[in-house]
Each structure stands twice: as C-alpha cells, then as structure tokens.
Amino acid sequence: MEEQRVALLGIVVEDPGSVEELNALLHHYKDYIIGRMGVPYRQRGVNIISIVLDAPGDAISSLSGKVGMLPGVTCKAIYAKLANG
C-alpha cells in the first residue's frame, strides 16, 4: 500500500474559462481533500486557491499535474515532512 502524504496545492487561476473543469477535478479527488480556501484577487484578475490533501503521493501528483495542464492555471504541490501515520 502506498504511503499517505499531507500536501498543500497552491493554485493560481488566471483564465476564468478553466474554473468549471478545475472544480470537476477537485470534486473527483474530494475524498482526499481536508480543506479548501479560495481568495479572489480582483485588482489583478486572478483567483488563488489553497487545497490541503491527505492522499497517496501518486494521487497528489496526478491532481497537481492535471490542474497545472488547464489553460491559464498554475499549480504547485508542497509536501509535509510527516511520518506515515
């Protein structure tokens, strides 16, 4: 069984046309999501979203990659240095 990881996905959405597909991806991974916070930065025309996950490393990498391939969306993952618990 693959090790569970705790991670934070930082997502910046510059293209509002990608929001529906982004939400569909997040819904698909909903069982792994601990929390979500979105901040619209209207002055710059972007939305910043933080997603906290507790998931297998492959699931985190897969979600991060899929989100990052959406047009006008940037995504980076940060992993906690926690022991598997």
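The values are calculated or read from the model by the stated rules, or taken from the named source; none is laboratory data. Note that the coordinates shown come from a computational prediction; the quantities given were computed from them, not determined experimentally. Cβ atoms come from the backbone with ideal geometry, glycine included; neighbour counts cover every protein chain shown.
Arg36 satisfies every condition listed in (1) basic (Lys, Arg); (2) at pLDDT 95 or above; (3) part of a loop (DSSP other than H, G, I, E, B) except (3). Across region 68-83, a minimum of one residue is classified as among the small types (Gly, Ala, Ser), part of a helix (DSSP H, G or I) and under 10 Å from the mean Cα position of the chain (by Cα). For region 7-23, a residue qualifies if it is part of a helix (DSSP H, G or I) and either in contact with a helix residue (DSSP H, G or I) (Cβ under 7 Å, 6 or more places away or on another chain) or under 19 Å from Ala77 (Cβ atoms) (or both), and the qualifying residues are Ser18, Glu21, Leu22, Asn23.
If you go through region 50-64 and keep only what is in a strand (DSSP E or B) and either more than 11 Å from Glu3 (Cα to Cα) or touching a helix residue (DSSP H, G or I) at 6+ places or on another chain (Cβ under 7 Å) (or both), you end up with Ser50, Ile51, Val52, Leu53, Asp54, Ala55. When residues in region 53-72 are screened for being in contact (Cβ under 8 Å) with a residue 24 or more places away in the chain and under 11 Å from Gly10 (Cβ atoms), 2 of them pass.
Within region 14-43, the set of residues being within 23 Å of Gly57 (Cβ to Cβ) and of a type in the set (Lys, Arg) comprises Lys30, Arg36.
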